[in-house]
Amino acid sequence: MHSHSATSPKLVISGASGGLGLALARHYLERGAVVAAFARRGELLEKLAAEFPGQVFCYALDVRDAPAIQQAASDFMSRVGVPDIVIANAGVSVGTLTEYVEDEAVFQDIMDINMLGMVKTFQPFIASMRANSSHDKGRPGGILVGIASVAGFRGLPGAGAYSASKAAAISYLESLRVELYDSGVRVVTICPGYIETPMTAINPYPMPFMLKADEAARRMARAIERQTAFAVIPWQMGLAGRVLRLLPRWMYDRLFAHAPHKPRNIL
């Protein structure tokens, strides 16, 4: 039996079976939250559920599958209610090069998961969250959180698909934030720098200001609680990102032309 009170925070987290998503799920579960955990690897979700009995609703799904997410959303809301926070975190990252025909499918997958997966994760919750907000009582309808990346600030060599997907996510989240401005539903964009996860373990280059996943999750939860419109975590990467964005193109090109590339491997 799921043991949660009406006051427990309710969350939906995609990509919850590993890396940052798992760290975020743990962070909130340890504080008594009820979490709808979305991920492809159902057995890992079950493991998390066993660790936090009565707090985890497991939905083994792929964020490219809109009908599966819609079904999970209505199941979770019928059992627990409208979520307070929806975190679209599912993401993949591999190196890509446009000249290889076999990388076209990888570009497609990365865009479908990292960008459109975010849209599909939020979509089934927005109407209910909007209806849940009441301005007169000053009660927000909830918070939509998109995990983008510092990699979306400029196009990184060897990471065309990943950079493009994260730049698209940043613009999409901004559109959504403005669309929902008066609705009581808040939108928070989080751009992580380097976080110690299986995703970054393959990177063959130095990764400054690397954070452990649980520490990153703690800082992100703080930004979410404050409803910060746009947060770079850690803040040092925010400064680095600002410098990167200000570099004139000729200088950026010269500096990054010979930067080490993320390894190419098929998803």
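Brief remarks on what is shown
- With respect to the conditions (1) closer than 21 Å to residue 103 by Cα; (2) exposed (fewer than 11 other Cβ atoms within 10 Å of the Cβ), residue 154 lacks only one, and its number is (2).
- Wholly enclosed helices (runs of 4 or more DSSP H) of segment 94-205 bearing at least 3 residues at pLDDT 95 or above and touching a Leu at 6+ places or on another chain (Cβ under 9 Å): 103-111, 117-132, 160-179
- Only one of the numbered conditions (1) within 14 Å of the chain's Cα centre (by Cα); (2) over 22 Å from residue 173 (Cβ atoms); (3) among the charged types (D, E, K, R) is not met by residue 102, and that is (1).
- Residue within segment 248-263 that is touching a residue at least 24 places away in the same chain (Cβ under 8 Å), under 26 Å from residue 120 (Cβ atoms) and surrounded by fewer than 16 Cβ atoms within 10 Å (Cβ to Cβ) present: no
- Among the residues of segment 225-239, those that are in a helix (DSSP H, G or I) and surrounded by fewer than 16 Cβ atoms within 10 Å (Cβ to Cβ) comprise 225, 235, 236, 239.
- Here residue 64 clears all of (1) farther than 13 Å from residue 39 by Cα; (2) out of contact with any strand residue (DSSP E or B) (no Cβ under 9 Å at 6 or more places or on another chain) except the condition numbered (1).
- Only a single criterion out of (1) at pLDDT below 95; (2) part of a helix (DSSP H, G or I); (3) not hydroxyl-bearing (Ser, Thr, Tyr) is not satisfied by residue 221, namely (1).
- Filter result (farther than 15 Å from residue 146 by Cα and free of Cβ contacts under 8 Å to residues at least 12 places away in the same chain) within segment 199-225: 200, 201, 206, 215
- Of the residues in segment 227-248, none is at pLDDT 95 or above and of a type in the set (Lys, Arg).
- Test: residue 159 is more than 24 Å from residue 73 (Cβ to Cβ) and crowded, with 19+ Cβ neighbours inside 10 Å: yes
- For segment 24-51, the candidate set comprises residues that are touching a Lys or Arg at 6+ places or on another chain (Cβ under 9 Å), in contact (Cβ under 8 Å) with a residue 24 or more places away in the chain and surrounded by fewer than 23 Cβ atoms within 10 Å (Cβ to Cβ); within that set, the residue that is farthest from residue 7 (Cα to Cα) is 48.
The values are calculated or read from the model by the stated rules, or taken from the named source; none is laboratory data. Everything numeric here is computed off the predicted structure, so don't read it as measured data. Counting neighbours? That spans all protein chains shown, and the Cβs are built from the backbone with ideal geometry, glycine included.
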